[in-house]
1. From the list ASP234, ASP273, which one is out of contact with any helix residue (DSSP H, G or I) (no Cβ under 6 Å at 6 or more places or on another chain), of a type outside the set (A, V, I, L, M) and in a helix (DSSP H, G or I)?
2. How do the pairs read when you match residues in segment 195-207 that are in the same structural domain as LYS236 (by TED's automatic domain parsing) and over 16 Å from GLN184 (Cβ atoms) with residues anywhere that are among the charged types (D, E, K, R) and at pLDDT below 95, using Cβ under 6 Å and keeping only pairs 6 or more apart or on different chains?
3. So, THR347, is that one of a type in the set (S, T, N, Q), under 42 Å from the mean Cα position of the chain (by Cα) and surrounded by fewer than 12 Cβ atoms within 10 Å (Cβ to Cβ) or not?
4. Based on this model, can you work out whether ASP350 counts as over 25 Å from PRO295 (Cβ atoms) and either touching a Cys at 6+ places or on another chain (Cβ under 6 Å) or among the acidic types (Asp, Glu) (or both)?
5. Restricting attention to segment 336-359, does a residue exist that is within 30 Å of ILE210 (Cα to Cα) and modelled with pLDDT of 95 or more?
6. On the basis of being touching a residue at least 60 places away in the same chain (Cβ under 8 Å) and assigned by TED's automatic domain parsing to the domain that holds VAL417, does ASP282 make the cut?
7. Can you tell me which residue among LYS340, LYS258 is part of a loop (DSSP other than H, G, I, E, B) and basic (Lys, Arg)?
8. How many residues are touching an Asp or Glu at 6+ places or on another chain (Cβ under 8 Å) and among the aliphatic types (A, V, I, L, M) if we restrict to segment 165-197?
Amino acid sequence: MAPARSSKISLAILGFLLLTACMLVCGCVNGNNGDSVNGMGDAGDGSGSSPTPQGNPDNTENSGSAGPAQSSAGTDTGTGADAENNAYAGGADIAADTKVYPVLVPDAAYEGKTVRRTFTTKFEKSQFTIDIDVDMALLKGARNADKSLGRKIAKESPEVQYKFYRSYFEGMENSDFFDALIKQLRYIKITERLSDEEYLEYLVTFVQQIPYNSPEGNTRFPVEVIYDGMGDCDEKSMLLMGLLEKSGYDTALLLFPKLGHAVCGIKIVPQGDVGFTTYSADDGRKYLYIEATTPYYIGLYPDAFANTDVLVIPLSDGGMPYTKYNYVAYIVDSKKKIEKRIDFFKTTLDGWYDELEEMKYKLINYKQYYSTQLEYDTAYQRYKNRVDEYNRYFEYYQKNIEVWNEIVDRPYDVEGVRRTIFNSKVNDIEY
């Protein structure tokens, strides 16, 4: 029987579609921008070169106005005023700022009332379920807060954008909410004996797996995201920032003022060339982008964020960094190599299939093509050898697809995916 033609790969693009929808619905990215997810070197070709920033990344410093580190994806150093003179980091009042920022004030009429919400999260090889009792006084206060500024936040100055986003996870009432939520999440850390690195990944995964939904009205507070069981890109990022900061991790708010978008950054301590685009604060600390919208690896980001200015605003003076970025770099680099191999095997197998069909036809109709037994035997041996080659390449093809699917489907299991790639030996395949 002739070998079957190799089939095309069916790519798992649900997460990508959610991410694209988030950027378009939120209005933080123009629909003409690139929408693939990147983070390893140049957003266009993955070559490892740093993208070129649009505009002058030193505008803040040159103008003499106070502000956080402003850089573009791929730069190693931030620019801008020193932190002690920084209206963002230092918390100094912005002159003549008459904007109305969201303030969370509990509604006393609902004091003592709670509603339970349940969340199930896939993490590593397990699945964890936690129950969260939502304080209804906080929820009603969040619902009643004036959030109208968010409707045009992309048109506001970086100073206003910063204060707007930070109001969503700072303050005593927000702290009470995060303390209660972290208590439930830390129970998983303790009972499962998660390391600090694993717990960070669990917190990221917990937020990423909350379903995506863009609100019809105003930007929701984290307590609303938990109560509603859904959130959009900015809302989930604010939830993640609060969780990581209050859990002791060195976290930064990465503000993209031209896009009116804010995301969470996690500090790393680079050891040589990390292979990732990093975002630098004034004091030299380096942060990786964390996509909160949908499950994805720490450090990867949409192409639209590669070539635009970013303000890097650390949320604390220190804290724990993320050290397993080298695992993610290995996974992403392997994914790129696997995709090239899959394309090569697919093209080669399709060509061989057509060749084998022609060889088989001649062998079946041997009287028309071969005048001696020797000619027939020689043709048959060539056919048999090609079948063996085809089947060997097809095994390589299938193995690469299996590992590729593992990488795409399990971003919540960094250690497991890394181990799968290593044990599969796909990177050792010679062809």
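1. Values: ASP273 fails: in a helix (DSSP H, G or I).
Testing whether each residue is out of contact with any helix residue (DSSP H, G or I) (no Cβ under 6 Å at 6 or more places or on another chain), of a type outside the set (A, V, I, L, M) and in a helix (DSSP H, G or I) leaves just ASP234.
2. So the pair list comes out as GLU197/LYS324.
3. Working: of a type in the set (S, T, N, Q): yes; under 42 Å from the mean Cα position of the chain (by Cα): yes; surrounded by fewer than 12 Cβ atoms within 10 Å (Cβ to Cβ): yes.
Yes; evaluated as a whole, the condition is true for this residue.
4. yes
5. Here is the first cut: in segment 336-359, the residues within 30 Å of ILE210 (Cα to Cα) are 336, 338-339.
Filter again for modelled with pLDDT of 95 or more, leaving 338-339.
Yes: segment 336-359 contains one or more residues that are within 30 Å of ILE210 (Cα to Cα) and modelled with pLDDT of 95 or more.
6. Values: touching a residue at least 60 places away in the same chain (Cβ under 8 Å): yes; assigned by TED's automatic domain parsing to the domain that holds VAL417: no.
No.
7. Numbers: LYS340 fails: part of a loop (DSSP other than H, G, I, E, B).
Checking each option against the conditions leaves just LYS258.
8. 1
The values are calculated or read from the model by the stated rules, or taken from the named source; none is laboratory data. A quick note: this is a predicted structure, and the numbers were derived from the prediction, not measured. Virtual Cβ from ideal backbone geometry, glycine too; neighbours counted across all protein chains shown.
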